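Quick one: the structure is below, questions incoming.
Derivation of every value follows stated rules applied to the coordinates shown; laboratory data play no part. What you see is a predicted model, and the numbers here were worked out from it, not measured in a lab. Positions of Cβ are generated from backbone atoms using ideal geometry, with glycine treated the same way; all protein chains shown enter the neighbour counts.
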Amino acid sequence: MSQKCHEFSCRVYYEDTDLAGVVYYANYLKFIERARSEWIRKLGINQKKMMVEQKKVFTVRRVEADYLSSAKFDDTLLIKTKIEKLTSARVVLSQDIFVKGVIIFKAIVTIACVNLFKGISRIPVNIFQIMLEYKKKNIFIDE
């Protein structure tokens, strides 16, 4: 049985492509960033509030990406995000992009919780618990 995940859809616009109408390679990172942000929002986590009240933010620490095929102008992308590993200060996510059911891009993204003034920090307990429950129950959250 495969783990359920968050799904986020978006369309490829002209601004996302090169002259040939193919998505510029760096834009895949923008697409998965949007999907991650929406996943966090759907979990009920307010990142702005976390920053203001707890002086903590999530930041990307590492990305491993495999470009398997190309998306093109006007394609609809489906980005699937799931937790692979959760520690007290980091979350490792797999993020896959599909076009018409075919995987075209795979990434493993490590996000770390950092204190705005001190560097790496523990994920706030309430947020860690939300993520832990999500991982345990394989909750399906869609758009």
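Along the charge dipole of the chain, Cβ charges K/R +1 and D/E -1, which of Cys113, Ala71, Thr17 sits furthest on the positive end?
The listed residue farthest towards the positive side: Cys113.
Measuring from label point to label point, each 7 Å out along Cα→Cβ, what is the Lys118 to Leu19 span in nm?
My value for the distance between the label points is 5.3 nm.
I want to verify the translational diffusion coefficient of the range 63-143 in µm²/s; compute it with Stokes-Einstein, Rh as the Kirkwood radius over Cα pairs, at 10 °C and 1.306 mPa s.
Numbers: Rh = 14.4 Å.
Calculated translational D: 110 µm²/s.
Determine Rg/Rh for the range 1-71; Rg is computed over alpha-carbon atoms and Rh is the Kirkwood hydrodynamic estimate from the same atoms. Show your work: numbers first, answer last.
Details: Rg = 15.3 Å, Rh = 14.6 Å.
Across the range 1-71, the Cα-based Rg/Rh ratio is 1.04.
Another question, if that's okay. Kindly provide the pair-distance distribution of the chain built from C-alpha pairs, with 5 Å bins from 0 and whole-percent values in order of increasing distance.
Taking all Cα pairs of the chain, the binned fractions are 2, 10, 19, 22, 18, 13, 9, 6, 2, 0 percent.
While we're looking at this one, here's another question. What is the extension gain from Ser37 to Thr87, computed as 0.36 nm multiplied by their sequence separation minus the C-alpha to C-alpha distance, in nm to one decimal?
16.1 nm
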